[in-house]
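Have a look at the structure below before the remarks.
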Amino acid sequence: MSRRDVVVCHLLSLDGVAEAPEEFFDPWGDEADAAAAEWCTTQDAVVLGRRSYDEWVRFWPGSDLEPFASFIGAVEKHVATSTPLDPPWSNARAIDGDLVDSIRELRSRPGGEIGVHASISIAQALLAAGVVDRLRLLVAPTIVGPGRRLLDGLPPMRLTPIRSEVTPGGCLLLDHRVALA
């Protein structure tokens, strides 16, 4: 039986900042939309942290920003939290128990890729535990300086490039397979 891939999909600045990408993808445009649309085509489950859930549940259910609004509304959402999901959101459920064990169990079930979006601490925890199979990154041609970085504090890992592309606006689309060193 094959297992599903866990894929961290993130927007970064050139210096690795992942926090508040709407501030350094300026203007937000076709390249970020195209990357998000591509990421969604292979995923049928998403893992979010509680803070991301709380932000997204207030925005995405009423949004008409496509194709992500339809995707995130319909996809199975697994939220790392110890408290009830309030307000509720369609197809969202709190992860019961340990995050890493829950994701290992989820990836053993049939289905498409499991995306990890917008949650720096969740991505870091899953990368550190060795349960992430791929990193898909859209890197803005911007140096932000201060801010939370996606890859800070992680153990050594070997990345095998699958794809790299420079967009017309100078963003880097990077797709790497992850292997622990």
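The values are calculated or read from the model by the stated rules, or taken from the named source; none is laboratory data. Please read all numbers here as calculations on a predicted model, not as lab measurements. A quick note on method: Cβ atoms are made from the backbone with ideal geometry, for glycine too, and the neighbour counts reach across all protein chains shown. All accessible areas refer to the heavy atoms of the entire protein, side chains included, with ligands and DNA or RNA removed. Shrake-Rupley method; radii C 1.70, N 1.55, O 1.52, S 1.80 Å.
Put simply, when 111-123, 50-62, 145-157, 67-79 are sorted by average Cβ atoms within 10 angstrom per residue, most first, you get 111-123, 67-79, 50-62, 145-157. Figure legend: label point modelled 7 angstrom from the Cα of Ser82 along Cα→Cβ; residues of segment 49-71 with amide N under 14 Å from it are 50. Dividing the summed -39500 (n - 2.57) terms of all DSSP H runs of n ≥ 4 by the residue count of the chain sets its mean residue ellipticity at 222 nm at -8000 deg cm²/dmol. Projecting the Cα atoms of Pro155, Ala140, Val6 onto the charge dipole of the chain, computed from C-beta unit charges around the Cα centre, puts Pro155 farthest toward the positive end. Taking Leu85, Leu65, Leu159 as the candidate residues, the one with maximal mean-square fluctuation in a Gaussian network model of the chain, Cα springs under 10 Å, is Leu65. Charges were assigned to the Cβ only: +1 to each Lys and Arg, -1 to each Asp and Glu. The resulting dipole of the chain about its Cα centre is roughly 740 debye. If the chain linking Met157 and Asp30 were pulled fully straight, counting 0.36 nm for each residue of separation and taking away their Cα-Cα distance, it would gain 42.6 nm.
Apolar share of the accessible surface for segment 45-93: 55 percent from carbon plus sulfur atoms, 1.4 Å probe.
Across segment 1-151, Cα-Cα pairs more than 26 Å apart make up 21 percent of the total. In this simple spin-label approximation, Asn91 and Ala37 carry label points 7 Å from Cα along the Cα→Cβ vector, and these lie 1.9 nm apart. For segment 78-118, the residue among Gly111, Leu99, Val79 whose Cα projects farthest onto the positive side of the dipole built from Cβ charges is Gly111. Using only alpha-carbon positions in segment 78-136, the gyration tensor eigenvalues give semi-axes of 19, 13, 12 Å once each is multiplied by 5 and square-rooted (largest first).
Surface analysis of the chain yields an accessible area of 50 Å² per residue, using protein heavy atoms and a 1.4 Å probe. Stretched out straight at 0.36 nm per residue, the stretch from Ser70 to Ala179 would grow longer than its current Cα-Cα span by 36.0 nm.
Entry note, segment 36-181: relative contact order of 22 percent, from Cα contacts under 8 Å with a spacing of 6+ residues.
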